[in-house]
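Down below is the structure, laid out as structure tokens.
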Amino acid sequence: MSRVLLRRAGDLLFVSFGVSILSFLMIRLIPGDAVQLMLGANAEVTQSQIDALRHQLGLDQPFIQQYFVWIVRVLHGDFGTSLTTGRPVLTEIGAAAGVTAELTVLGLAAAVLLAIPLGCAMAAVRSPAASLAMRLLSITGITVPSFWLGIMLLYGASALAPGWAAVGWMPFMQDPLGNLHRVLLPALSIALPVVASLARFLRAAISDALQQDYIRTARAKGLRERAVLLRHALRNALIPFVTQTGIMAGYLFAGSVVVEQVFALPGLGRLMVGAIADRDYALVQAAILLATLVFVCVNTVVDMLYALIDPRVRAA
């Protein structure tokens, strides 16, 4: 177990270092000048003022020097100040992180709750026609983009329930029911494609488990097929399913970036899109780095759970 922890800690450091370099370089390679965007199209701004502001922000230094200055500050807990709002970056991210976290958690919970019965049904069905219909349905769910689903759900809500508050944001502590009204449709938008992928994965895992010797033994003891499926095959198929669910958490976050734009949610995705458009270097770098750290940490926790569930991983 200790070797697994050390290996995952090394992976975390390596990935974090690589992401910090990529996020630092990508935002700077996008065409456009952050200083020009900050000052706007003001004809009274002189070149000396532009140079002075660029020097004040440290943007006149070589990329390598800028990176080392930034990474040293990050290691001390200072992620800088937003170029557009003048507020600390962590304050900006903290205000938006709760929205994305709630959306991602609800989407992941909905995906798991829907994928498990669907995957079991796909594995239990023996009819070729029913099996083909389920496969087509799952493939359709995988290929349909989250933002398109969000738009269709908005159209459906406006047609079937005109009074449904589907756009905008309401804090949970301020109005719990209004919060659930506004987060239900975007959560479903990001969950449904993941449901299809998880259901197909669970079906394959259950089908593989049903071919094992202990399943034959359970059937020989006279257990009903439903008990064999749920008590034995599903229990063992959930071990790799846990790992796959952790991986899908990253896809849910990626889907939330676009879905937040569709439903006008003030989350991290919307914050990052605006920061990229404004060339807000500090905000984009910190948002990408923190989002990656969360994703890697989630997968690390999933690996630990996998090691606790399956003794063969601890022995490896």
inquiry  = Can you pull out every residue in the stretch 213-236 that is part of a helix (DSSP H, G or I), out of contact with any Leu (no Cβ under 6 Å at 6 or more places or on another chain) and of a type outside the set (D, E, K, R)?
reply    = 214, 215, 217, 218, 220, 227, 228, 229, 230, 232, 234, 236
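Residue by residue, here is whether (1) crowded, with 16+ Cβ neighbours inside 10 Å; (2) farther than 21 Å from residue 107 by Cβ holds:
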{"position": "178", "(1), (2)": "no, no"}
{"position": "186", "(1), (2)": "yes, no"}
{"position": "214", "(1), (2)": "no, yes"}
{"position": "228", "(1), (2)": "yes, yes"}
{"position": "259", "(1), (2)": "yes, no"}
{"position": "263", "(1), (2)": "yes, no"}
query = Right, residue 169: in contact (Cβ under 8 Å) with a residue 60 or more places away in the chain, surrounded by 12 or more Cβ atoms within 10 Å (Cβ to Cβ) and farther than 21 Å from residue 114 by Cα or not?
reply = yes
query = Tell me, which residue of the stretch 202-212 that is aliphatic (A, V, I, L, M) and assigned to a helix (DSSP H, G or I) is surrounded by the fewest Cβ atoms within 10 Å (Cβ to Cβ)?
reply = 204
query = Before we move on, is residue 76 loosely packed, with under 15 Cβ neighbours inside 10 Å and at pLDDT below 80?
reply = no
ask   = What are the residues in the stretch 72-121 that are free of Cβ contacts under 8 Å to residues at least 24 places away in the same chain, assigned to a helix (DSSP H, G or I) and more than 21 Å from the chain's Cα centre (by Cα), if any?
value = 72, 73, 75, 117, 121
task = Looking for whichever is closer than 19 Å to residue 240 by Cβ, within 34 Å of the chain's Cα centre (by Cα) and of a type in the set (S, T, N, Q) here; the options are 197, 189. Which one fits?
result = 197
ask   = Can you name the condition, by its number, that residue 152 falls short on among (1) among the hydrophobic types (A, V, I, L, M, F, W, C); (2) part of a helix (DSSP H, G or I); (3) touching a residue at least 60 places away in the same chain (Cβ under 8 Å)?
value = (3)
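The values are calculated or read from the model by the stated rules, or taken from the named source; none is laboratory data. Just so it is clear, the structure is predicted and the values come from calculations on it, not from any experiment. All Cβ positions, even for glycine, are placed from backbone atoms using ideal geometry, and neighbour counts span all protein chains on display.
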